[in-house]
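Worksheet: the structure to be examined is printed underneath.
The values are calculated or read from the model by the stated rules, or taken from the named source; none is laboratory data. All values derive from a computational prediction rather than experimental measurement. Note that we place each Cβ from the backbone using ideal geometry, even for glycine, and neighbour counts take in every protein chain shown.
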């Protein structure tokens with residue numbers, strides 16, 4: 001039966017890692033005449049990112065992330081219930097053809113509301129270890145889109161929650177969907193390292209993601225030794241860190257003209273296009289974007305990430321030959337490793353070529369949307 005409604009609900013808020021794939025899928029759906037509605041959180045990062053995408057309706061939910069403190073779970077449950085009620089009210093007035101969730105705390109109420117309204121549910125999982133939301137909602141979903149390596153499903157036996165084999169018919173290994181900006185001229189791959197032998201390479205440090213302030217602090221503490229290693233340093237600190245330490249960062253910038261601090265990476269394709277090396281956490285989105293732009297990576301996984309999924313992401317990129325991995329407890333090795341990468345002949349160029357070998361020309365988001373629409377039409 002043909003789908004009557006052209007409206008698609010996309011729950012993707014709470015962090016850039018959840019929001020970016022939702023935006024990519026919304027772009028693809030819009031190009032096909034569908035009407036995406038983004039369900040996000042009330043966090044500042046969602047508002048900041050979505051300011052660049054004013055063409056879609058945005059519905060903010062009161063849901064917030066759970067805390068490790070037992071006393072906050074009642075509030076978390078209440079806000080999840082309140083978000084569920086608000087989503088149901090929205091659907092009562094605005095019928096939808098499908099619901100897509102990308103994980104995080106905004107996904108369960110939207111997914112459950114869609115399920116209660118008998119709307120097809122689709123899940124996109126970015127990480128190599130499926131998150132709690134994916135494991136919780138997989139039984140309700142029509143499709144679960146996962147990273148292209150099927151081995152991602154082999155979760156360790158020690159974990160209490162695993163994807164069950166009986167759900168394997170729902171899995172589709174289709175990778176990470178990138179936003180349309182990454183296919184424009186500003187994100188074209190570059191040749192050679194360094195691009196300007198006289199000035200030296202350009203290094204990009206991403207300290208603005210969740211839990212990445214430790215990278216900002218590491219950079220500031222070692223700036224005297226780090227500044228000479230590159231012709232240009234760009235450090236994306238995040239608005240919170242920049243707001244608290246703006247005066248200190250300005251002093252560092254004045255003392256080191258090659259260093260630039262940005263509170264927010266508004267034009268990430270351009271930043272990556274200009275980078276010869278990226279130092280970052282090991283979020284799935286950051287890795288996918290670096291691979292697409294053929295940029296070598298120095299990854300420091302977030303040790304508190306659920307199920308240690310960032311470590312799994314980082315080890316996968318390292319196995320490809322596109323990244324080096326340093327655990328946070330071994331952060332003292334980061335500077336010597338960076339010096340070695342900078343001085344060793346051909347190492348960064350080899351990592352770039354490995355990224356080029358890995359990068360695929362096809363648009364993952366197109367494959368996801370085509371599969372989703374075919375499923376909705378009963379194909």
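Just to be sure I understand, how many residues within the range 299-323 are closer than 29 Å to residue 104 by Cβ, more than 16 Å from the chain's Cα centre (by Cα) and surrounded by fewer than 21 Cβ atoms within 10 Å (Cβ to Cβ)? Steps first, please.
Within the range 299-323, the first condition is being closer than 29 Å to residue 104 by Cβ, and the residues that meet it are 299-320, 322-323.
Applying the additional criterion that residues be more than 16 Å from the chain's Cα centre (by Cα) yields 303-304, 307, 315, 318-320, 322-323.
Subset that is surrounded by fewer than 21 Cβ atoms within 10 Å (Cβ to Cβ): 303-304, 307, 315, 318-320.
Here the count works out to 7.
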Evaluate the range 138-155: report whether one residue or more is modelled with pLDDT of 95 or more, closer than 26 Å to residue 373 by Cβ and surrounded by fewer than 13 Cβ atoms within 10 Å (Cβ to Cβ). no
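Looking at this structure, is residue 270 part of a helix (DSSP H, G or I) and surrounded by fewer than 22 Cβ atoms within 10 Å (Cβ to Cβ)? Outline the logic, then answer.
Numbers: part of a helix (DSSP H, G or I): yes; surrounded by fewer than 22 Cβ atoms within 10 Å (Cβ to Cβ): yes.
So residue 270 passes the test.
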Out of 214, 236, I need the residue that is in the same structural domain as residue 285 (by TED's automatic domain parsing), within 22 Å of the chain's Cα centre (by Cα) and under 16 Å from residue 273 (Cα atoms). Which one? 236
Checking the structure you have, find out if any residue of the range 274-287 is in a helix (DSSP H, G or I), in contact with a helix residue (DSSP H, G or I) (Cβ under 8 Å, 6 or more places away or on another chain), surrounded by fewer than 22 Cβ atoms within 10 Å (Cβ to Cβ) and not assigned by TED's automatic domain parsing to the domain that holds residue 22. no
Kindly provide the set of residues from the range 74-97 that are under 27 Å from residue 26 (Cα atoms), over 26 Å from the mean Cα position of the chain (by Cα) and not in a loop (DSSP other than H, G, I, E, B), ordered by number. 81, 82, 85, 86, 88, 89, 90, 91, 92, 93
Selection count where residues are crowded, with 16+ Cβ neighbours inside 10 Å, at pLDDT 95 or above and either on the phi > 0 side of the Ramachandran plot or assigned to a strand (DSSP E or B) (or both), scope the range 8-47: 10
Say whether the condition of being crowded, with 19+ Cβ neighbours inside 10 Å and touching a strand residue (DSSP E or B) at 6+ places or on another chain (Cβ under 8 Å) is met by at least one residue in the range 61-75. yes
Just to be sure I understand the filter: pairs with C-beta atoms under 6 Å, separated by 6 or more residues or on different chains, first member in the range 54-78 and within 17 Å of residue 39 (Cα to Cα) and assigned by TED's automatic domain parsing to the domain that holds residue 106, second member assigned to a loop (DSSP other than H, G, I, E, B) and modelled with pLDDT of 90 or more. Which pairs pass? 60/42; 61/106; 63/105; 63/106; 65/105
Give the residue, chosen from 343, 304, 350, that is in the same structural domain as residue 228 (by TED's automatic domain parsing) and closer than 22 Å to residue 234 by Cβ. 343
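Run down 103, 71 and say which single residue is part of a loop (DSSP other than H, G, I, E, B) and either under 24 Å from the mean Cα position of the chain (by Cα) or at pLDDT below 95 (or both).
Values: 71 fails: part of a loop (DSSP other than H, G, I, E, B).
From the options 103, 71, the qualifying one is 103.
Here's the yes/no breakdown for (1) surrounded by 17 or more Cβ atoms within 10 Å (Cβ to Cβ); (2) in the same structural domain as residue 17 (by TED's automatic domain parsing); (3) out of contact with any helix residue (DSSP H, G or I) (no Cβ under 9 Å at 6 or more places or on another chain); (4) at pLDDT below 90:
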site: 159; (1), (2), (3), (4): no, yes, no, yes
site: 167; (1), (2), (3), (4): no, yes, no, yes
site: 171; (1), (2), (3), (4): yes, yes, no, yes
site: 206; (1), (2), (3), (4): yes, no, no, no
site: 219; (1), (2), (3), (4): yes, no, no, no
site: 222; (1), (2), (3), (4): no, no, no, no
